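J.: Structure provided below as structure tokens; questions to follow.
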Amino acid sequence: MLKLEAVRTRYGPIEALRGIDLTISKGEIVSLIGSNGAGKSTCLMTISGVLKPSSGRIELHGEDIAVLPPHRIVERGVSQAPEGRRIFPRLTVKENLEMGAFPGRGSFPEQIENVFRLFPILKERSRQYGGTLSGGEQQMLAIGRALMARPEILLLDEPSLGLAPIMVSRIFRTIEEINREGMTVLLVEQNARAALRLSHRGYVLESGAITLQGSSEALLGNEKVKQAYLGE
Amino acid sequence: MLLQQIINGLTLGSVYALIALGYTMVYGILELINFAHGEIYMIGAYLGIILLAFFTSVGLTAVSLPLTLLLVVVLAALICSAYGFTVEKLAYKPLRNASRLSPLISAIGVSIFLQNYVMLTQGATDKVFPSLFGSGGFRFLSTRVSYLQAAIIVVSGVMMVSLQAFVMKTKTGKAMRAVAQDKTMASLLGINVDKVISITFVVGSGLASVAGVMVAAYYGLVNYFIGYIAGIKAFTAAVLGGIGSIPGAMFGGILLGLVESLGASYISSEYKDAYAFVVLIGILLVRPGGLFGKAPEEKI
């Protein structure tokens, strides 16, 4: 469904992605793990079109989307909940969700009902400003907002960052639930163990290159992964 | 006397507010002080005279004055919106990712260019807006309000309420607020950020041009330099209210108009243009973010 071929992205003179190959099939959860600064967020921002690759192809259903501006990529069904959640602080929860539905890919009442079903707390908070929510609620809003566009593939960047453990497991359970309902997910995480337990397959990113890939079980059992990312 | 000065101040203040809205909306989205905005207002004033002369020459003014004025205002707004749109595309968009100083200098350049463009094509002498309204007016409490003053206050009020409704209630207005808060995030949600920026310039220029036409009719005289001082006053109004805040620009504009009008009649009209800045300094000492603005945030 989504396929990256030899994608390179640079920030000025620094090459942040040094030729990434990655594929995601429909219905999968694929995790992308790696340490700080490995290029995980750069990879998602490149897929979303905020950063333009200097070379390589990004295919969605066979169409090269690397040349498109970000809003066209969302219209084609790729949504992202970025690192740091980036809720609009002075828009209400409902307005944040309305902005998520901006491309008009689905019916708004249906989509918002769906999001409120996944995250009932957002319904209670719908008239509050986004900036008044707790970190966990903001993360729910960020995921809910990305879902409002009725994407075919959801890119999640560090959804567990800065959250209490109980909130992390709550968020991860919801990701699993969304996936069971058919959503394809690309999950970027520093919390490698939780990410690999949730996902079907995984990629390990180190200094801008994929160094390991395989089924999540195989990666969880891999000595190198254990040492570097699982703290064993 | 006092009531009369308040009415005068409200008239002037409504005009400042309409212009200030353009400054504050563009600043809210691009953090750019669009120095060319006063020139758009000046072009609006000229268009008022030119279009009115045209409609008079084809005989429409004699048929229906209200219809003519409506056409003048709408056409002037459309043309000025096109100017605003073009200025953004040519002078600011190519500098979107440059340092903040570059678009600012570009804005000053556009301002100088537009002043000279109007001076060369329209001449350096004052142009006269024909007196259409005579001295018509009505009594309001103990004072007299001219029809033109009433029209300026009402039209400005309607435009401000409409703008507020547009920004708060419509999908495009909400997208404008989203883009002002986080452009990258807005684009990640499928909002065409360039288009939203264009709409901001189009709306702001339209408001300024309406202010221009009304001022041309009110004072009767227009020259290529009026955008400069009106621009500075309106910018002051926007900062006073809290730059980036739409209600702030409206309130700041009206406050400034009142201060100028009352200061000119009760203190001295010699210093008419200075009162605005005295009030600005006073307010910024107490509230550095302006009346409706947020305190400046530390960017991490």
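J.: Taking region B:198-300, which GluC sites (Glu not before Pro) meet the DSSP loop condition and have no more than 13 other C-beta atoms within 10 Å?
T.: B:GLU297, B:GLU298
J.: Turning to a different aspect of this structure: Hey, got a sec? Which trypsin sites (Lys or Arg not before Pro) in region A:1-38 land in a DSSP loop and have at most 13 other Cβ atoms within 10 Å?
T.: The qualifying sites are A:LYS26.
J.: Rounding to the nearest 10 and keeping the result within 0 to 90°, find how far the Cα-based axis of helix B:37-57 lies from the longest principal axis of chain B.
T.: Around 40 degrees separate the two axes.
J.: Something else now. Working only with C-alpha atoms, what are the Rg and Dmax values of the protein assembly as shown, expressed in angstrom?
T.: 28.0, 92
J.: Further question on the same structure: Over chain B, what is the relative contact order in whole percent, taking alpha-carbon pairs under 8 Å and six or more residues apart?
T.: 38
J.: Run through region B:209-300 and list the trypsin sites (Lys or Arg not before Pro) located in a DSSP loop whose Cβ has at most 13 other Cβ atoms within 10 Å.
T.: Counting only loop positions with at most 13 other Cβ atoms within 10 Å, the trypsin sites (Lys or Arg not before Pro) in region B:209-300 are B:LYS294, B:LYS299.
J.: Rg (Å, one decimal) plus Dmax (Å, integer) for the alpha carbons of chain A?
T.: Computed over the Cα atoms of chain A, radius of gyration and Dmax are 17.0, 49 Å.
J.: Next question, about the same structure. Only four residue types carry charge here, +1 at the Cβ of Lys and Arg and -1 at the Cβ of Asp and Glu. Report the dipole size of the protein assembly as shown about the Cα centre in Debye, rounded to the nearest 20.
T.: Magnitude of the dipole: close to 440 debye.
J.: Can you spot the lysines whose alpha carbon is less than 21 Å from B:LYS89's alpha carbon? Ignore those fewer than 8 places along the same chain.
T.: Of all the lysines, those that pass the test against B:LYS89 - Cα under 21 Å, at least 8 places apart if same chain - are B:LYS183, B:LYS195.
J.: For the pairs A:LYS52/B:LYS174; A:LYS94/A:LYS123; A:LYS94/B:LYS169; B:LYS93/B:LYS171; A:LYS3/A:LYS26, note any where the Cα-Cα span goes beyond 18 Å.
T.: Distance filter (> 18 Å) returns A:LYS52/B:LYS174; B:LYS93/B:LYS171.
J.: How would you classify region A:1-43 from its alpha-carbon gyration tensor, with a ≥ b ≥ c the square roots of the eigenvalues: rounded for a/c under 1.5, else prolate if a/b is greater than b/c, otherwise oblate?
T.: Numbers: a/c = 3.37, a/b = 1.65, b/c = 2.04.
It is oblate, given that a/c is not under 1.5 and a/b is not larger than b/c.
J.: Length gain on complete extension for the stretch B:VAL154 to B:ILE229, per 0.36 nm per residue less the alpha carbon to alpha carbon distance?
T.: Value of the extension gain: 24.6 nm.
J.: Have a look at the DSSP beta bridges in the protein assembly as shown and tell me what percent are antiparallel, nearest 5. Please list the in-between numbers first.
T.: Values: 28 of 46 bridges.
Within the protein assembly as shown, antiparallel bridges account for around 60 percent of the total.
J.: List, largest first, the extents of the alpha carbons of region B:31-184 along their principal axes, each in whole Å.
T.: 52, 41, 31
J.: Could I get the Rg over Rh figure for region B:2-286? Both from C-alpha atoms, Rh via Kirkwood, rounded to two places.
T.: Numbers: Rg = 18.8 Å, Rh = 19.3 Å.
We get a ratio of 0.97 for region B:2-286.
J.: Same structure, new question: If you take the Cα Rg of region A:120-160 and divide it by 2.2 N^0.38 Å, with N the number of residues, what do you get?
T.: Its radius of gyration relative to the 2.2 N^0.38 Å reference: 1.20.
J.: Next up: With 21 Å as the cut-off, how large is the P(r) tail for region A:154-220, expressed as percent of Cα-Cα pairs?
T.: 22
Bear in mind these aren't lab numbers, they're just calculated from the coordinates by the rules spelled out. This is a predicted model, so every value here is computed, not measured. With ideal geometry, Cβ positions are generated from the backbone for all residues, glycine too; neighbour counts draw on all protein chains shown.
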